[in-house]
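Only one structure is covered here, and it is reproduced in the block below.
The values are calculated or read from the model by the stated rules, or taken from the named source; none is laboratory data. None of the values given here were measured: they were computed from a predicted structure. Cβ: placed from backbone, ideal geometry, glycine included. Neighbour counts: every protein chain shown. Surface accessibility is based on the protein's heavy atoms, side chains included, excluding ligands, DNA and RNA. Shrake-Rupley method; radii C 1.70, N 1.55, O 1.52, S 1.80 Å.
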Amino acid sequence: MQDNKSEDFKRELGLLDGTMLVVGSMIGSGIFIVSADIARQVGSAGWLTLIWLISGIITMIAAVSYGELSAMFPKAGGQYVYLKEAYNKLIAFLYGWSFFAVIQTGTIAAVGVGFSKFAAYLVPPLSDENVLYELGAFKLNAAQIVSIITIVLLTYINSRGVKNSKILQTVLTVIKILSLFGLIIFGFILAAKAEIWNANWADAWSTRSFNTDSGSWMPIGGTALITGISAAMVGSLFSSDAWVGVTFIAGEIKNPKRNVGLSLFLGTFIVTVIYVLTNLMYLAVIPLDEIATAKSDRVAVVASQYTFGDMGTIIIAVMIMISTFACNNGLIMAGARVYYTMAKDGLFLKKAAELNDASVPAWALWVQCVWASILCLTGKYGDLLDFVIIIVLIFYILTIYGIFILRKKMPDVERPYKAFGYPFLPLLYIVIASAICVSLLFTKFSTCGWGVLIMLTGIPVYYLTKPKE
């Protein structure tokens, strides 16, 4: 009986739901804080805006390229399935292994911690300074407990069926989009000052980096500039990531051959517009030095205080809590579908291939919940983001190159949608993303190197665990 039931995903998600999943999963806490780090690395309004714009454009190129793959293989598992079809089970397994070990669970943990940071803004006892338990070097704090509670709650909601999580995702994401546009519009109307805007743009393309120890700016060029740009792009690319989640739930989307690709394009386009406008608002309201030195990098809090006065802090805290909650709902919903598809191929724990009475992979959801909760306890989420971004980019490059492979390997398969700008735009993405990967390995080897190592440890695991043919 189990096998009959386990094929039975319900197609309950329309184009709006798919688009809201993309937008909701992409916008977490990054746009509220990452601009401070970018400003410190490159030191000018032009470069700050350009880095967000480039990140948005290459994300959109990747997303519309994935549209071809999602229309060819409109089933649960998304990127894992595309890698298996283009390459082999080993490459697909390495993706799934990295996805479970770090990519999805590490992101869920980091977003959960983002939620708790801003919850502590409203309720101070929930902060990470409130240590509840100590054992040697290990410290358990209130923020970690809050993060874990949100992950458990969202896992429970998702285990009750896709309809509940769909409604939650769409409602929270609409609130998130409206509140971000509200922040942008009110920022321009109430707090923008011509002298700040003109001062920020007076020297728009001179590159310099901010030394936090001395509190001074240093001009940069050549290798230092490339290092600065690649370090700055980690944050903007991470803030633009997680759009791929809609491909994982293709088995639950109505008319997936049309709606998955369209959701990818609309979602990444909406987020790119929001991100660029938000940064232009920051530059109209806050002097660049203040963007670079915002307390705890909370640029949005500074902008909101200029716009709404003392109430601004509370407004932003509530916005980020809604934003990160919706973001994690999307991540949790999408992630479990990858483990489900891997388990179907005999490459993950067998129980993950089962659907519950609500037609969702509940067991896979709870395994993901447990590991993400453990990662919350490590306290190493900053490093986790570096681990994640390098592996994510490697697999995006492989997947987009897979389009070229599949055009040769399966020339006659129906392609209801073809990659926009093929072959030039997919090739452009591969070149830019490869350059960023190489630069990251040189500049952040201590963390990105670990990311690559985690991925490579999957090779012996694959050969030890794969089912006998």
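Within region 155-180, the set of residues being closer than 23 Å to I315 by Cα and open to solvent by less than 10 Å² (accessible area, probe 1.4 Å) comprises Q169, T173, K176, L180.
K166 satisfies every condition listed in (1) touching a Leu at 6+ places or on another chain (Cβ under 9 Å); (2) modelled with pLDDT of 95 or more; (3) not β-branched (V, I, T) except (2).
Could you check region 240-268 and list, in sequence order, the residues that are among the polar types (S, T, N, Q) and either open to solvent by less than 10 Å² (accessible area, probe 1.4 Å) or within 14 Å of G78 (Cβ to Cβ) (or both)?
Within region 240-268, S240, T247, N259, S263, T268 meet the criteria.
Here the helices (runs of 4 or more DSSP H) wholly within region 174-291 that include at least 3 residues being within 30 Å of S25 (Cα to Cα) and among the hydrophobic types (A, V, I, L, M, F, W, C) are 222-239, 256-285. Residues of region 165-211 that are closer than 29 Å to T19 by Cα, hydroxyl-bearing (S, T, Y) and touching a strand residue (DSSP E or B) at 6+ places or on another chain (Cβ under 9 Å): none at all. Of all residues in region 106-132, those that are closer than 21 Å to M311 by Cβ and aliphatic (A, V, I, L, M) have Cβ atoms under 7 Å from Cβ atoms of residues that are open to solvent by 10 Å² or more (accessible area, probe 1.4 Å) and part of a loop (DSSP other than H, G, I, E, B), 6 or more apart or on another chain, in A120/S127. Residues of region 66-111 that are more than 28 Å from F325 (Cβ to Cβ), hydroxyl-bearing (S, T, Y) and either open to solvent by less than 10 Å² (accessible area, probe 1.4 Å) or at pLDDT below 95 (or both): Y82 alone.
Among the residues of this structure, L427 counts as one that is within 20 Å of S65 (Cβ to Cβ), more than 21 Å from the chain's Cα centre (by Cα), modelled with pLDDT of 95 or more and not charged (D, E, K, R). The set of residues in region 308-351 that are under 18 Å from the mean Cα position of the chain (by Cα), β-branched (V, I, T) and open to solvent by 30 Å² or more (accessible area, probe 1.4 Å) contains only I322.
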